[in-house]
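Chemist: Dropping a structure here in structure tokens format, bear with me for questions.
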4 protein chains.
Amino acid sequence: MTESTAPETTDAAASVPAEVRVAVLGARGRMGSEAVQAVRRAEGLQLVAELGREDSLQALVAAGAEVVVDLTVPSATEANVRFAVEHGIHCVVGTTGWDAERLDRLEVLLAEHPGVGVLIAPNFSVGAVLAMRFSAQAARFFESVEIVELHHPDKVDAPSGTAARTAALVGEARRAAGVAPSPDATEHDPAGARGALVDDVRVHSVRLRGLVAHQETLLGGVGEQLTIRHDSFDRISFMTGVVLGVREVGSHPGLTHGLEGYLDLGL
Amino acid sequence: MTESTAPETTDAAASVPAEVRVAVLGARGRMGSEAVQAVRRAEGLQLVAELGREDSLQALVAAGAEVVVDLTVPSATEANVRFAVEHGIHCVVGTTGWDAERLDRLEVLLAEHPGVGVLIAPNFSVGAVLAMRFSAQAARFFESVEIVELHHPDKVDAPSGTAARTAALVGEARRAAGVAPSPDATEHDPAGARGALVDDVRVHSVRLRGLVAHQETLLGGVGEQLTIRHDSFDRISFMTGVVLGVREVGSHPGLTHGLEGYLDLGL
Amino acid sequence: MTESTAPETTDAAASVPAEVRVAVLGARGRMGSEAVQAVRRAEGLQLVAELGREDSLQALVAAGAEVVVDLTVPSATEANVRFAVEHGIHCVVGTTGWDAERLDRLEVLLAEHPGVGVLIAPNFSVGAVLAMRFSAQAARFFESVEIVELHHPDKVDAPSGTAARTAALVGEARRAAGVAPSPDATEHDPAGARGALVDDVRVHSVRLRGLVAHQETLLGGVGEQLTIRHDSFDRISFMTGVVLGVREVGSHPGLTHGLEGYLDLGL
Amino acid sequence: MTESTAPETTDAAASVPAEVRVAVLGARGRMGSEAVQAVRRAEGLQLVAELGREDSLQALVAAGAEVVVDLTVPSATEANVRFAVEHGIHCVVGTTGWDAERLDRLEVLLAEHPGVGVLIAPNFSVGAVLAMRFSAQAARFFESVEIVELHHPDKVDAPSGTAARTAALVGEARRAAGVAPSPDATEHDPAGARGALVDDVRVHSVRLRGLVAHQETLLGGVGEQLTIRHDSFDRISFMTGVVLGVREVGSHPGLTHGLEGYLDLGL
């Protein structure tokens, strides 16, 4: 474990806003090491601990962490988060494996620690989350909606999880508004060019060398088209969401599931 | 004036929702004649009057209009709307020329007729309005934002009014959130390739034969891009917004300025 | 039949290049009436006859036509073209139905009339033809190629004929160059999101209200992508190719199949 | 200098085509080290030497290099290439600084070594070179052409060199074909939204965090649009062109300027 210098500057810094003291769990992993650098670069944040698999969670307390970023593994994340909550430390969690049962147990614990905030986000890409949100919001105003997702050719699943989730949100929004499924006069499609039907929404999966992760929602009405496209060129883009989460978690007590809870779109 | 058949089916239709009785003013104009057709096609709407320049507004009353669509000229629109409001008829207005003074007078009148709704919309394209809204909402989450608008080459102004308005909304949202202007290291641009700076946002105007009216907001952060594009292929797309306005105006008493007031995006 | 004024201006016009005298067959049809207007608007062309179903082909001779544009029906086109060739009139043919047998018979006839040119083009959109050509030329330089075609939702076939033809040209170019099929690690695609496989090339068909006919060829290599997109917003775009054909057919004796034969891309 | 194992497998490999023996100059530089890896990965190529600044060119001869890749600096490249040509070694050169005088001297030298090939390419991105070529080829068939280039915001020049070169090629092709400049009715553009005019072609420069190097040529005619877009996500894409050059240089004796000379587009 690497412990950063103690915050001895409190007197001198009395007049400036104190920096948020952040610890990263899983700091040697691919995402964790990106998070370490992102916290270091971010204004107003101070990295106070980087913990790996063998490090004791007590180090969080010793370092005076106010927010912990958990980018570990499904088998470790629940114990990490419970420890933090019990010690009054806010959590930003990117690790998967949080099923309904775990979430329920966490809600119970948080009820006993009312000032503590936990953000559990399956997707930390602000752009991807916005693209999903906008797609769902716009879906009921257009006669037709289809989704095209484009990824590198080493991906084993089609469609992508994000595309399936977007289709589900779009389908739900249209059903709730009483909008009919997109019109489609196709009678002859012997080779399946029309793609997959997911929640009444057509999804097309392109695989192309050179790409990373990209998605377009195409919405069409008489005489017009609205396109919402997100391009993820590099996993580093997730760090924008991690830093946003670290900054906001202290003012969102309780459990927030999904980064969208922090994106106040201010209607 | 063409008056439609009277609503004699009330008894038989007692169990189904009554159709909204709609009149179109300026019915012989380009937009007005589109509106006539759009109302005829729309489910749940019944066209009860089509008025031209010489027709008496009394025909609105005689026809039992519940909603009037005003697509006339700046010199006529205020009198039309006042007549309608005084007779308890809701208004959907696409005519320009509503300056602050006119709007103030209308607010006073509406205060005396509390159940009546008026929608005045400078842009009836649902897609264009959503694209502007989404651009403004997303603007503060990205380091860079630029706008590219593309139109037919017979357009005399650059940038387009919609692009200038989008830039203003984007700039305002970024300033409100304390986001710095988009980074730009350009030192050498002798011919002005970087386009116009509108409210701290770069705007680029493309003119191309074959196009109608198109706009992209490009938002970029480290490792990712979000693109919101609207294509207007045909003015008929405005009719989606007109029909939406007609359907909603009855449940939005008072003055609403801008179609966005009716697009409940349900955060 | 409408016969245009006779060319009495020959003396006065001695010093300017004579206009090409053009007749349109099928002039009352949808495409034919567009062609009539396009010829009228085009510099250097003179419309001398517009023939419908009942008009005698002799009118072509009477009007002094030098080029005939055939936009009729499969059952009429062969007789029309044979008549024209026998009378020394060049032909630009957009009618379908020219199978191998008909083409063979036409070649025999043209051999007897060595100065006469015939262009038979299944697609008169210059942009679509260039997009196909460029896609095929670029195909062997990229590891991955996929095609996305987007049309209005009233289309009954998927994929579009143009997309299938592009896939065939791309597949052929790659096989000829010994390039392997595009990589694809997909193992799990229960709903068919990966689209159709046409000549070893993935083709995706989007159907969206508001669209007309659009196609993208996506070519990807390590670290880069090349995209060739064609948008057909209106059938009027075919007229650019018709006018090009009319201008060029006189200097291309014999049979040319496909507009690409006239697009000298000047390597 | 790192020397690879000698080619002792000649007997055993008698029936398979011998691998091309390749040396990289400037092997420790950013581009050079990418080239080292690319040659190692490429089928049919064998890396026999990696030379840095201090290494003697004699090592090329000792290693039996058949092709040398020069990715050094302007002050060194001419001497490197002359040495290689004098020793019968083909050259693929990505270093800048080859002005007319140097090229003339090289032509003289190559005339004395008729079997040796040299490729000097300012741009090794196959996609970028094809995009430029296709733009120029298509330019005369459309009424309007404009170029949009998009780069990261740390770029100091606008427009990009590739965009300026594309505009020059497009402008030249249009003038040669007698095509008028793109139509433009703009009367009012106080802030310069219409971008730069380069060789009669409008060029727009977008700068956006998250991007690398991207370019679109937009070609528009009545009712249609053709778009040619190239995305360069990573400099590694240049290696496709380097490897192509290494493979082809032996069969292209004399001087070739520009990768396009090797892209046989087989009209």
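Computed from the coordinates by the stated procedures, all read-outs in this text should not be read as laboratory data. Nothing here was measured: the structure is a model prediction, and the numbers come from that model. FYI the Cβ positions are ideal-geometry reconstructions off the backbone, even for glycines, and counts take in every protein chain you see.
Chemist: Going by the alpha-carbon gyration tensor, a ≥ b ≥ c the square roots of its eigenvalues, is region A:126-233 rounded (a/c under 1.5) or, if a/c is not under 1.5, prolate (a/b greater than b/c) versus oblate?
Modeler: oblate
Chemist: Okay, moving on. As a test of the definition: which semi-axes, in Å, follow for region D:60-101 when you take the square root of five times each eigenvalue of its alpha carbon gyration tensor? Largest first, please.
Modeler: After diagonalising the Cα gyration tensor, the semi-axes are 19, 10, 8 Å.
Chemist: Take every Cα pair under 8 Å in region A:126-233 that's 6+ residues apart, average their separations, divide by the length, and report that relative contact order as a whole percent.
Modeler: Taking the mean separation of contacting Cα pairs over the length of region A:126-233, I get 40 percent.
Chemist: Sticking with this structure for a sec: With θ taken as phi - 60° and the coefficients 6.51, -1.76 and 1.60, list the Karplus ³J(HN,Hα) couplings across region A:114-119 in order, rounded to whole Hz; mark glycine and proline as x.
Modeler: x, x, 8, x, 10, 10
Chemist: Let me ask you something else. What Kirkwood hydrodynamic radius do you get for region A:49-208 when you take the inverse of the mean 1/r over all pairs of distinct Cα atoms, in Å?
Modeler: 18.8 Å
Chemist: Using only the Cα atoms of chain C, what semi-axes does the equivalent ellipsoid have when each is the square root of 5 times a gyration tensor eigenvalue? Give whole Å, largest first.
Modeler: For chain C, the ellipsoid semi-axes come out as 40, 19, 18 Å.
Chemist: Determine the calculated [θ] at 222 nm for chain A from helices alone, applying -39500 (n - 2.57) to every DSSP H run no shorter than 4 residues and normalising by the residue count; nearest 500 deg cm²/dmol.
Modeler: The helix-only estimate for chain A comes to -9500 deg cm²/dmol at 222 nm.
Chemist: A further question on this structure: Between A and D, which A residue has the Cβ nearest their rotation axis, distance in Å?
Modeler: A:233, 3
Chemist: Sticking with this structure for a sec: Cα axis of helix D:161-176 to longest principal axis of chain D: angle in degrees, 0 to 90, nearest 10?
Modeler: 70 degrees
Chemist: Counting Lys +1, Arg +1, Asp -1, Glu -1, what net charge surrounds residue B:34 among other residues with beta carbon under 13 Å of its beta carbon?
Modeler: Charge balance near residue B:34 sits at +3.
Chemist: What does the C-alpha gyration tensor say about the overall shape of region C:115-156? Classify as rounded when a/c is under 1.5, otherwise prolate if a/b is larger than b/c, or oblate.
Modeler: Oblate, because a/c is 1.5 or more while a/b does not exceed b/c.
Chemist: For chain D, set up a GNM with springs between Cα atoms under 10 Å and report which of D:242, D:67, D:20 has the largest fluctuation.
Modeler: D:20
Chemist: Let me ask something else. For residue C:235, which inter-copy label distances result when the label point lies 7 Å beyond Cα on the Cα-to-Cβ vector, reported in nm to one decimal and in ascending order?
Modeler: Nearest to farthest, the other copies are at 2.3, 5.3, 5.3 nm.
Chemist: For chain C, find the longest principal axis of its Cα atoms and tell me its angle to the long axis of helix C:74-86, 0 to 90°, nearest 10.
Modeler: 50 degrees
Chemist: Still on this model: For residue D:82, place a label point 7 Å out from Cα along the Cα→Cβ vector, do the same in each other copy, and report the separations in nm, one decimal, smallest first.
Modeler: 7.3, 7.7, 9.1
Chemist: Give me the percent of Cα-Cα pairs in the protein assembly as shown that sit more than 56 Å apart, rounded to a whole number.
Modeler: Summing the P(r) tail past 56 Å for the protein assembly as shown gives 24 percent.
Chemist: Can you grab the distance from the C-alpha centre of region A:197-267 to the C-alpha centre of region D:99-130, Å, no decimals?
Modeler: A separation of 47 Å, based on Cα centres.
Chemist: Projected area of region D:190-267, taken from the Cα convex hull and averaged over every viewing direction, in nm²?
Modeler: For the Cα atoms of region D:190-267, the hull's average projected area reads 9.2 nm².
Chemist: Averaged over all directions, how much area does the convex hull of the C-alpha atoms of region D:70-132 cover when projected, in nm²?
Modeler: For the Cα atoms of region D:70-132, the hull's average projected area reads 4.5 nm².
Chemist: Let me ask you something else. Would you please give the residues with an amide H less than 5 Å from that of residue D:50, counting only those at least 5 places away or on a separate chain, with H modeled from the backbone geometry?
Modeler: Distant-sequence amide H within range of residue D:50: D:2, D:24.
Chemist: Where a ≥ b ≥ c are the square roots of the eigenvalues of the C-alpha gyration tensor, would you call region B:15-64 rounded, which needs a/c under 1.5, or, failing that, prolate if a/b is larger than b/c, or oblate?
Modeler: It is oblate, given that a/c is not under 1.5 and a/b is not larger than b/c.
Chemist: Taking the Cβ of residue C:213 as the center, what net charge do the other residues with Cβ under 11 Å away carry, scoring Lys and Arg +1 and Asp and Glu -1?
Modeler: -2
Chemist: Return B:66, B:19 ranked ascending by Cβ neighbour count within 10 Å, so the fewest neighbours appear first.
Modeler: With the sparsest Cβ surroundings first, the list reads B:19, B:66.
Chemist: What are the nm distances, shortest first, from residue A:176 to its equivalents in the other copies, labels at 7 Å along Cα→Cβ?
Modeler: Taking the point 7 Å beyond Cα along Cα→Cβ, the inter-copy spacings are 2.3, 5.4, 5.9 nm.
Chemist: Return the sequence-ordered ³J(HN,Hα) values of region B:35-43 in whole Hz as given by the Karplus equation 6.51 cos²θ - 1.76 cosθ + 1.60 applied to θ = phi - 60°, using x for Gly and Pro.
Modeler: 5, 4, 5, 5, 5, 4, 6, 6, 5
Chemist: For B:96, A:166, what's the fewest-to-most ordering of other Cβ within 10 Å of each Cβ?
Modeler: B:96, A:166
Chemist: How fast does region C:7-124 diffuse by Stokes-Einstein, in µm²/s, taking the Kirkwood radius from C-alpha pairs at 25 °C and 0.890 mPa s?
Modeler: Here the translational diffusion coefficient equals 167 µm²/s.
Chemist: Report the relative contact order of chain C, percent, no decimals, based on alpha-carbon pairs under 8 angstrom and at least 6 residues apart.
Modeler: That works out to 21 percent.
Chemist: Let me ask something additional. Order by neighbour count: A:106, A:197, fewest other Cβ atoms within 10 Å first, most last.
Modeler: Ascending number of Cβ neighbours within 10 Å: A:197, A:106.
Chemist: Right, another one. Any chance you could give the angle, 0 to 90 degrees and rounded to 10, that helix C:126-138 forms with the longest Cα principal axis of chain C?
Modeler: The angle comes out near 40 degrees.
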